[in-house]
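Reviewing the structure listed below.
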Amino acid sequence: MIELRGVSKSFGDFAVLRGVDLVIPKGKSMVIIGGSGTGKSVTLKSVLGLIKPDSGTILVNGEDVEQAHRDTFLSHFGMLFQGGALFDSMTVWENVAFRLLRGSLKRPRGEAREIAIDKLRRVGLRAKVADQYPGELSGGMQKRVGLARAIAAEPQIIFFDEPTTGLDPIMSGVINDLIREIVVEMGATAMTITHDMTSVRAIADKVAMLHDGVIQWTGPVGDMDAADDPYLRQFITGSAEGPIEAVR
Amino acid sequence: MDVTAPVASIGRSTLRTIAALGRLSIFTGQTLRHILLPPYYPREFWHAVIAIGWLSLPVVGMTAVFTGAALALQIYAGSNRFGAESVVPQIVAIGMTRELGPVLGGLMVAARVASSIAAEIGTMKVTEQIDALVTLSTNPMKYLTAPRVLAATLTVPVLVGVGDVIGIMGGYLVGTSRLGFNEAAYLKNTFDFLQFWDVGSGLVKGAAFGFLIALMGCYFGMHSGRGAQGVGAAVKSAVVAASVLILASNYLLTEAFFGS
Ligand SMILES: Nc1ncnc2c1ncn2[C@@H]1O[C@H](COP(=O)(O)OP(=O)(O)OP(=O)(O)O)[C@@H](O)[C@H]1O
Ligand SMILES: [Mg+2]
């Protein structure tokens, strides 16, 4: 279970998060939606400890992330970065198998490569890309390599920052199914950021909408369409008219 | 206008400098700790040895041969004035091994290596690769900084040693072909004259310069600002800082070794 209590973060005098309260139950898939620049990525990075919140607490399985032993703590996490963040100095398979080539999960290179190729297949990539470098791949392919890297060590908690952005509709469907499968079959806790309402419906158990530095609305995905929150309504209908300003 | 403004501005920049020095000291301490404590990343280390040491050989060699050659001409012209031309081999040897080998070699390596380390790590920083390393349970200081700093500290002295030999050879070529020195006598004079510490002190300087070069590259890379502009600024700062630190520490080391 992941719990955020009153998490705030400012950059300079710009307050991005102003008291985010959010609970993600174990083994559930939470999807975070919200306008561009509202701090969704900052929220994920705060849970991972990559950004230190100014105030508030974040608990993972009841343990305060600030006090947790960072290595053991992070060994249960997988993260897909919005920009992919692939290591461009190594091949695709070495990226995917990064965790399996060093540290506590280290195994023989041959075996690590097998696992990497299997994960690549699951994100819809052929074995032949394994020996290419990230710079040689298209944006959508890089994204999927990032996804394969995030799930390679079968983490218990997985964060996906816009997993389907830049993918064609069919590939988006494949990735949505994969995320759903990881949650249902592996029992992982997932937190996904997306702007794609089809994805939201395909992968979410719960939905949270971030707006103006706070969680504007949260609830089960089934309640989303019936909710009468005007912000949420505007967001899911994609209307220019409503309480959310188009310029921000 | 507020009369305290100039004072405030001096105060601010002083505080900024002190804060930067503090950050740099912490960074240095962490680097040393990560070099000593496991886990180690031998692959990264060997990559760094190749990139920093092996691939710098041509640059250092070129620098040394031309420096040695020019030095021979200058010493000859200077000593000619009081009829002491015969000292050319000795002065070339001592000049190369004690000063010019380490300093010029160090500066060339700084230009080549501090810049490339800062650019590489800075780019990794702005494209979130450093964050990705952290989420993959890998400490960036241990994985990126420690191998590079260790490799530079160990390989730059070797480069300096090679540079000494090549530089003395440059002097020898000019001395024997242009200045009329006897070949065997030139070499004999050089090696009879050189003492262990002439060469040794240069190698120690090389190790110190190598450490500073990689440290500056890593420090400014890790603290790179955002975007291409941030990386550009980081590279520039790394090269400038490494060069100034080389010259300053060269003076201090020379004072420590040969002062008095
Ligand atoms: N390291 C940083 N330094 C300064 N400002 C930052 C930093 N990281 C994020 N911000 C700012 O915080 C705000 C929220 O950023 P964030 O990346 O979380 O947005 P987002 O909700 O993920 O948007 P998008 O949907 O476009 O990805 C932005 O205005 C951004 O400029
Ligand atoms: Mg984002």
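The values are calculated or read from the model by the stated rules, or taken from the named source; none is laboratory data. Only a predicted model underlies this, so the values are computations on that prediction, with no experimental measurement involved. Cβ coordinates were reconstructed from backbone atoms using ideal geometry, including for glycine residues, and neighbour counts include every protein chain displayed. Ligands, DNA and RNA are stripped out before the accessible areas are found, and what is left, the full protein with its side chains, is counted by its heavy atoms. Shrake-Rupley method; radii C 1.70, N 1.55, O 1.52, S 1.80 Å.
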Original post:
How large is the dipole of chain B about the Cα centre if only Lys and Arg carry +1 and Asp and Glu carry -1, each at its Cβ, rounded to the nearest 20 debye?
Top reply: 500
**OP:** Please give the solvent-accessible surface of A:Asp168 in Å², to the nearest 10, using a probe radius of 1.4 Å with every protein chain present.
**Re:** 80
**OP:** Please identify the longest segment of chain A free of exposed GluC sites (Glu not before Pro), where exposed means a DSSP state other than H, G, I, E or B and no more than 10 other Cβ atoms within 10 Å.
**Re:** A:1-240
Subject >> Counting DSSP beta bridges with both ends in the protein assembly as shown, the antiparallel % (nearest 5) >> reply: 55
Original post:
Binned at 5 Å from 0, what are the whole-percent values of the Cα-Cα distance distribution for chain A, short to long?
Top reply: 1, 6, 14, 17, 19, 17, 13, 8, 4, 1, 0, 0
Original post:
Within the accessible area of the protein assembly as shown, what % is carbon and sulfur when the probe is 1.4 Å and the other protein chains stay in place?
Top reply: 61
Original post:
GNM, chain B, Cα, under 10 Å: largest mean-square fluctuation among B:Ser25, B:Ser115, B:Ser201?
Top reply: B:Ser25
**OP:** Provide, in order from the shortest bin, the percent of all Cα-Cα pairs of the stretch B:70-155 in each 10 Å bin, continuing until the bin that contains the maximum pair distance.
**Re:** 15, 29, 19, 15, 12, 8, 3
**OP:** Would you work out which of B:Thr123, B:Val165, A:Ala226 lies farthest towards the positive end of the dipole of the protein assembly as shown? Charges go on Cβ: Lys and Arg +1, Asp and Glu -1.
**Re:** B:Val165
Subject >> Expected-Rg normalisation [2.2 N^0.38 Å, Cα atoms] applied to the stretch B:99-146 >> reply: 1.51
Subject >> Virtual spin-label span in nm between B:Phe257 and B:Ile50, 7 Å along Cα→Cβ >> reply: 3.2
Original post:
At q = 0.09 Å⁻¹, what log₁₀ I(q)/I(0) does a Debye calculation on the Cα points of the stretch B:5-258 give, no solvent, two decimals?
Top reply: -0.47
Subject >> Among A:Ile182, A:Ile215, B:Phe66 the positive-end extreme of the charge dipole of the protein assembly as shown (Cβ point charges) >> reply: B:Phe66
Subject >> Modelled label reach - A:Glu245, point 7 Å along Cα→Cβ, the stretch A:13-52 residues with backbone N closer than 19 Å >> reply: A:13-18, A:34-40
Original post:
If you wrap the stretch B:25-89's Cα atoms in a convex hull and average its projection over all directions, what's the area in nm²?
Top reply: 7.8
Subject >> Length-normalised contact order of chain A in % [C-alpha pairs under 8 Å, at least 6 apart] >> reply: 25
Original post:
Can you give the accessible area of B:Val240 in Å² (nearest 10), computed on protein heavy atoms with a 1.4 Å probe?
Top reply: 80
Subject >> Area of B:Thr28 that stays accessible when all protein chains are in place (1.4 Å probe, Å², to 10) >> reply: 30
Subject >> Local electrostatic count at A:Met209 - Lys and Arg +1, Asp and Glu -1, tallied over other residues with Cβ under 14 Å >> reply: -3
**OP:** Note down the relative contact order for chain B as a percent, whole number, built from C-alpha pairs under 8 angstrom at least six residues apart.
**Re:** 30
**OP:** Could you please state, rounded to a whole Å, how far the C-alpha centre of the stretch A:103-166 is from the C-alpha centre of the stretch B:1-50?
**Re:** 35
Original post:
Which value, in Å², gives the accessible area per residue of the protein assembly as shown when a 1.4 Å probe is used on the protein heavy atoms?
Top reply: 46
Subject >> the stretch B:51-94, Cα convex hull volume normalised per residue, Å³ >> reply: 57
Original post:
Roughly what would the spin-label model give for A:Leu105 and B:Val165, points 7 Å off Cα along C-beta, in nm?
Top reply: 4.7
Original post:
Which Rg and Dmax, in Å, describe the Cα atoms of the protein assembly as shown?
Top reply: 29.3, 102
Original post:
Counting Lys +1, Arg +1, Asp -1, Glu -1, what net charge surrounds A:Gly83 among other residues with beta carbon under 11 Å of its beta carbon?
Top reply: -3
**OP:** Rank B:Phe196, B:Gly206, B:Leu21 by how far each Cα sits towards the positive end of the charge dipole of the stretch B:5-258 (+1 on Lys, Arg Cβ; -1 on Asp, Glu Cβ) and give me just the farthest.
**Re:** B:Leu21
Original post:
Cα atoms only, the stretch A:88-154: Rg and Dmax in Å?
Top reply: 10.7, 32
Original post:
Mind checking which helices in chain B clear 20 Å along their axis (Cα) and have mean Kyte-Doolittle hydropathy of -0.5 or more, DSSP H runs only?
Top reply: B:5-36, B:57-80, B:146-177, B:196-222, B:227-258
Original post:
Which loop trypsin sites (Lys or Arg not before Pro) in the stretch A:135-241, with loop taken from DSSP, have no more than 14 other Cβ atoms within 10 angstrom of their Cβ?
Top reply: none
**OP:** Taking the Cβ of B:Pro102 as the centre, find all other residues whose Cβ is under 13 Å away and add up their charges (Lys, Arg: +1; Asp, Glu: -1).
**Re:** -1
Original post:
If you keep only loop residues by DSSP, which trypsin sites (Lys or Arg not before Pro) in the stretch B:177-206 have at most 12 other Cβ atoms within 10 Å of their Cβ?
Top reply: B:Arg178
Original post:
Quick one: putting +1 on the C-beta of Lys and Arg, -1 on the C-beta of Asp and Glu, what dipole do you get for the protein assembly as shown around its Cα centre, in Debye to the nearest 20?
Top reply: 900
Subject >> Protein accessible surface hidden between A and B, which excludes ligands and nucleic acids, total in Å², probe 1.4 Å >> reply: 1600
Subject >> Separation between Cα centres of the stretch A:22-101 and the stretch B:217-260, rounded to whole Å >> reply: 34
Subject >> 15 Å reach of a label modelled at B:Glu183, 7 Å along Cα-to-Cβ, counting backbone N of the stretch B:66-90 >> reply: none
Original post:
For the protein assembly as shown, what does -39500 (n - 2.57) per DSSP helix run (n ≥ 4), summed and divided by total residues, give at 222 nm, in deg cm²/dmol to the nearest 500?
Top reply: -18000 deg cm²/dmol
Original post:
In terms of the Cα gyration tensor, with a ≥ b ≥ c the square roots of its eigenvalues, is the stretch B:161-212 rounded because a/c is under 1.5, prolate because a/b exceeds b/c, or oblate?
Top reply: oblate
